[in-house]
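Colleague: Take this structure, written in structure tokens, and hold onto it; I'll ask about it next.
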Amino acid sequence: MKLVRTIPALRREISRYRRTGRPISFVPTMGVLHAGHIELTQRARRIVGRRGIVVVSIFVNPTQFNQKSDFKKYPHTLAADCAKCRAAGVDIVFAPSARSMYPENFSTWVNEESLSLTLCGASRPGHFRGVCTIVLKLFNQVQPDVAIFGQKDAQQALVIRRVVRDLDIPVKIIVAPTVRERDGLAMSSRNARLSPQERIHALAINEALSQVRAAFRRNIRNASKLKKIVRSHLAKIHGMKVDYVELMDTAMLRSVTKASRGNLLAMAVWVGGTRLIDNIKL
Ligand code: PAF
């Protein structure tokens, strides 16, 4: 496995592989890698096979944090992340500096202006502008054939798919299922910030989603009722604050009043000082 720290060095590597026609599969991350990320790299490997190249980027992107304090708190664990990537058979870890990704007077942004306005886009203004800009830059640098995103960040995956389609970026977007801890909590780099008590409280998120799934199976289709199941369950837990609970269609990310198969029930919840997101497709 090679650790590449600069854009010119990455270009040299990529053009070498491109010349020999080896397919490139890409997993963009902000580091603090967990088993969910590793599953994404394994999926990346399965897609391109042994001849292909698996690239993981590790870059804590300052422009997608709408609060400076959140960015400052974000852990950096490059050495441990590289060890995990090496063990997982990743070929290249690309970990550029913030200065190289955002040179002085940086002034070009990618804005998706529909799907990114709701859910996390509404509660975190500017978040998706930062995500779209950095992902597009990474796509230009890595030139992948395939890029893998997690379903936990369902809105992010939909927004990126839209950008790729609208701007004719030649990359196939794959969305991999959310990986959960044994007790059901969706894996997230943010889980590490939870105190032991908050970690227990956070289980209520997946419990609430399971209750919604069960209610949908019992033919409850009223969106307000389904959302209320989540709010009522979380209200029982001390220190939990709902940011949003929404039921949406996945084509346009518009709220629905009557649930149907394939709709997305998405939520963001503050557990103490940590904001967690999760979702299910009905
Ligand atoms: O999902 C993430 O970790 C980030 O939003 C991404 C896609 C790596 C862009 O910084």
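Colleague: Would you point out the residue of region 191-216, among those that are surrounded by fewer than 18 Cβ atoms within 10 Å (Cβ to Cβ) and closer than 21 Å to L33 by Cα, that is nearest to the ligand (Cβ to nearest atom)?
Modeller: The selected residue is A192.
Colleague: A follow-up question, please. Residue pairs, Cβ under 6 Å, 6 or more apart or interchain, first in region 23-45 and under 13 Å from T178 (Cβ atoms), second in a strand (DSSP E or B) and within 10 Å of the ligand (Cβ to nearest atom). List them.
Modeller: Cβ pairs passing all conditions: H37/T29; L40/V27.
Colleague: Could you please give the count of residues in region 85-101 that are within 21 Å of the chain's Cα centre (by Cα) and surrounded by 16 or more Cβ atoms within 10 Å (Cβ to Cβ)?
Modeller: Narrowing region 85-101 to residues within 21 Å of the chain's Cα centre (by Cα): 85, 88, 90, 92-98, 101.
When the remaining residues are screened for being surrounded by 16 or more Cβ atoms within 10 Å (Cβ to Cβ), the result is 85, 88, 90, 92-96, 101.
Residues meeting the conditions: 9.
Colleague: Would you be able to say whether some residue in region 232-246 is of a type in the set (G, A, S) and either within 19 Å of the chain's Cα centre (by Cα) or crowded, with 17+ Cβ neighbours inside 10 Å (or both)?
Modeller: Just the residues of region 232-246 that are of a type in the set (G, A, S), to begin with: 232, 235, 239.
Filter once more, keeping what is either within 19 Å of the chain's Cα centre (by Cα) or crowded, with 17+ Cβ neighbours inside 10 Å (or both): none.
Among the residues of region 232-246, not one is of a type in the set (G, A, S) and either within 19 Å of the chain's Cα centre (by Cα) or crowded, with 17+ Cβ neighbours inside 10 Å (or both), which makes the answer no.
Colleague: As an exercise: evaluate R162 against (1) more than 12 Å from the ligand (Cβ to nearest atom); (2) part of a helix (DSSP H, G or I); (3) free of Cβ contacts under 8 Å to residues at least 40 places away in the same chain and give the number of the one condition it does not meet.
Modeller: Tallying (1) more than 12 Å from the ligand (Cβ to nearest atom); (2) part of a helix (DSSP H, G or I); (3) free of Cβ contacts under 8 Å to residues at least 40 places away in the same chain, R162 fails exactly one: (3).
Colleague: Looking at A208, is it more than 25 Å from R254 (Cβ to Cβ), of a type in the set (G, A, S) and in a helix (DSSP H, G or I)?
Modeller: no
Colleague: I've got another one for you. Go through A192, A202, A208 for me and flag whichever is touching a helix residue (DSSP H, G or I) at 6+ places or on another chain (Cβ under 6 Å) and either modelled with pLDDT under 95 or within 15 Å of V269 (Cβ to Cβ) (or both). Before the answer, list the steps.
Modeller: Details: A192 fails: touching a helix residue (DSSP H, G or I) at 6+ places or on another chain (Cβ under 6 Å); A202 fails: touching a helix residue (DSSP H, G or I) at 6+ places or on another chain (Cβ under 6 Å).
Unique residue meeting the criteria: A208.
Colleague: Right, another one. Quick one: in region 53-84, which of the residues that are under 14 Å from H34 (Cα atoms) and more than 16 Å from the ligand (Cβ to nearest atom) is surrounded by the most Cβ atoms within 10 Å (Cβ to Cβ)?
Modeller: So the residue we want is C82.
Colleague: What single numbered condition from (1) within 16 Å of the ligand (Cβ to nearest atom); (2) under 21 Å from the mean Cα position of the chain (by Cα); (3) surrounded by 18 or more Cβ atoms within 10 Å (Cβ to Cβ) fails to hold for L10?
Modeller: For L10, the failing item is (2).
Colleague: Now, a different point. Which of the numbered conditions does A157 fail, given that it passes all the others? Conditions: (1) out of contact with any Ser or Thr (no Cβ under 6 Å at 6 or more places or on another chain); (2) under 15 Å from S57 (Cα atoms); (3) within 11 Å of the ligand (Cβ to nearest atom).
Modeller: (2)
Colleague: T250 versus (1) touching a strand residue (DSSP E or B) at 6+ places or on another chain (Cβ under 9 Å); (2) over 28 Å from G273 (Cβ atoms); (3) part of a helix (DSSP H, G or I): which is the lone unmet condition?
Modeller: Of (1) touching a strand residue (DSSP E or B) at 6+ places or on another chain (Cβ under 9 Å); (2) over 28 Å from G273 (Cβ atoms); (3) part of a helix (DSSP H, G or I), only one is false for T250: (3).
The values are calculated or read from the model by the stated rules, or taken from the named source; none is laboratory data. These numbers were taken from a predicted model, which means no experiment stands behind them. So basically every Cβ, Gly included, is an ideal-geometry build from the backbone, and we count neighbours across all protein chains shown.
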